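Read the structure below first, then the notes.
The values are calculated or read from the model by the stated rules, or taken from the named source; none is laboratory data. In this text, all values refer to a predicted model and were calculated from it rather than measured experimentally. When we count neighbours, we look across all protein chains shown, and the Cβ atoms used for this are built from the backbone with ideal geometry, even at glycine.
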Amino acid sequence: MTDTLDLDHLRSWIGRTEKRDELLSPWTASAMAATVRNGEQDWQAGQALPPLWHWCYFLPTAPQNQLGPDGHPARGGFLPPVPLPRRMWAGSQFEFLAPLQVATPATKTSRVADVSLKQGKGGALVFVKVQHEVHAGGTLLLREGHDIVYREAPKAGESAPPQTPPADPAWSVEHRPDAPLLFRYSALTFNSHRIHYDYPYVTQVEGYDDLIVHGPLIATLLLEAAQQNNPGRAVRSYSFKAVRPLTCGKLLRVCGHAPQPDGTVFLWAEDAQGALLMQATTRLE
């Protein structure tokens, strides 16, 4: 597959930008609260949008006839046409400068910052780095770095050994993401990637044993738990790295250590067998 990768062509996408304007709908915030907080609150104009809930806004609306075989928009638009079958959200980095407010107009500008090729144990890996900024009323509210990885399909029986998570969490919250939760989150983020809802596709084409829980959903549940266990402290930064996928119906445990003196908190997600799924760091004010 490496022989068919034209890295110079893919790197010609560096510098491409797109811009999306959005009125931050109260209904969307209410629906997100119902999904990740089991809350029935109707969000009102002017309320601060919690960290990471911006993922439900500024969404691309590719026409149905422009979707690729995996349900994502066909490659070669804003993102480079990487000819590798699997696309995954590898991680993100955030600076929260000021909160977005419900029912307020805002603008998100995105730019392809880098495209790189690496060789992993399972073959070629292409990393695409996208930088996002969100402004409202001329003020920068949020910076986000988004790491996307494209990889070859694994060979039969090939899987990376599990990593061991940190020990002695100060707090731990358990979830069991089921199909309705995956459906709701896909709907709220207009995510048509078939690994999250199409059982025959994810098992027969991509080779997983069940539907895949969204990496951003795990990252959101992780940060939500960190805030619940440290009330009254605003999130100023957050970064996470996806380590291992979790499939539908399996236990998800989100954990964290106590804040350090500078407000830094180490977070992680693990499964029922104690395998590390995601590692993260946040800084609380």
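Considering every residue within region 189-196, establish whether at least one is under 15 Å from the mean Cα position of the chain (by Cα), among the small types (Gly, Ala, Ser), outside any helix (DSSP H, G or I) and surrounded by 16 or more Cβ atoms within 10 Å (Cβ to Cβ).
Within region 189-196, the subset under 15 Å from the mean Cα position of the chain (by Cα) is 189-193, 195-196.
Now drop any that are not among the small types (Gly, Ala, Ser), which leaves 192.
From what's left, outside any helix (DSSP H, G or I): 192.
Filter once more, keeping what is surrounded by 16 or more Cβ atoms within 10 Å (Cβ to Cβ): 192.
Looking through region 189-196, at least one residue is under 15 Å from the mean Cα position of the chain (by Cα), among the small types (Gly, Ala, Ser), outside any helix (DSSP H, G or I) and surrounded by 16 or more Cβ atoms within 10 Å (Cβ to Cβ).
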Please go through (1) of a type in the set (D, E, K, R); (2) outside the structural domain of Pro81 (by TED's automatic domain parsing); (3) in contact with a Ser or Thr (Cβ under 8 Å, 6 or more places away or on another chain) for Glu133 and return the number of the only condition it doesn't satisfy.
(2)
Would you check if Ala98 is at pLDDT 95 or above, among the small types (Gly, Ala, Ser), surrounded by 14 or more Cβ atoms within 10 Å (Cβ to Cβ) and farther than 25 Å from Pro245 by Cα?
no
Could you run through region 223-253 and say how many residues are under 19 Å from Phe94 (Cα atoms) and either in contact (Cβ under 8 Å) with a residue 60 or more places away in the chain or assigned to a strand (DSSP E or B) (or both)?
13
If we scan region 213-234, do we find a residue that is closer than 24 Å to Ala153 by Cα, under 15 Å from the mean Cα position of the chain (by Cα) and among the β-branched types (Val, Ile, Thr)?
yes
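Would region 21-28 turn up any residue that is over 29 Å from Val213 (Cβ atoms), out of contact with any Leu (no Cβ under 7 Å at 6 or more places or on another chain) and not aliphatic (A, V, I, L, M)? Even if it seems obvious, please write down each step before you answer.
At the first step, the residues of region 21-28 found to be over 29 Å from Val213 (Cβ atoms) are 21, 23.
Now narrow it down to the ones that are out of contact with any Leu (no Cβ under 7 Å at 6 or more places or on another chain): 21, 23.
Next cut, not aliphatic (A, V, I, L, M) only: 21.
So far as region 21-28 goes, yes, one or more of its residues are over 29 Å from Val213 (Cβ atoms), out of contact with any Leu (no Cβ under 7 Å at 6 or more places or on another chain) and not aliphatic (A, V, I, L, M).
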Being surrounded by 16 or more Cβ atoms within 10 Å (Cβ to Cβ) and more than 29 Å from Asn229 (Cα to Cα), is that true of even one residue in region 31-51?
no
Please determine, by comparing only the residues of region 1-53 that are over 21 Å from the mean Cα position of the chain (by Cα) and polar (S, T, N, Q), which one is modelled with the lowest pLDDT.
Thr2
Does Thr28 qualify as being in contact (Cβ under 8 Å) with a residue 24 or more places away in the chain, in contact with a Phe, Trp or Tyr (Cβ under 8 Å, 6 or more places away or on another chain) and of a type outside the set (A, V, I, L, M)?
yes
Quick one: what pairs do we get from region 261-276, first residue on the phi > 0 side of the Ramachandran plot and outside any strand (DSSP E or B), second buried (at least 16 other Cβ atoms within 10 Å of the Cβ) and of a type in the set (D, E, K, R), C-beta under 7 Å, 6+ apart or different chains?
Gly263/Arg283
Count of residues meeting criterion [outside any loop (DSSP other than H, G, I, E, B) and farther than 30 Å from Pro231 by Cβ] in region 52-71:
4
Scanning region 197-218 for residues that are surrounded by 16 or more Cβ atoms within 10 Å (Cβ to Cβ) and out of contact with any helix residue (DSSP H, G or I) (no Cβ under 9 Å at 6 or more places or on another chain), the one nearest to Val254 (Cα to Cα) turns out to be Ile218
Within region 84-93, does at least one residue satisfy the condition of being loosely packed, with under 14 Cβ neighbours inside 10 Å and either basic (Lys, Arg) or over 20 Å from the mean Cα position of the chain (by Cα) (or both)?
no
Only unsatisfied item for Arg143, checking (1) touching a strand residue (DSSP E or B) at 6+ places or on another chain (Cβ under 9 Å); (2) within 30 Å of Ala272 (Cβ to Cβ); (3) of a type outside the set (A, V, I, L, M, F, W, C), is (2)
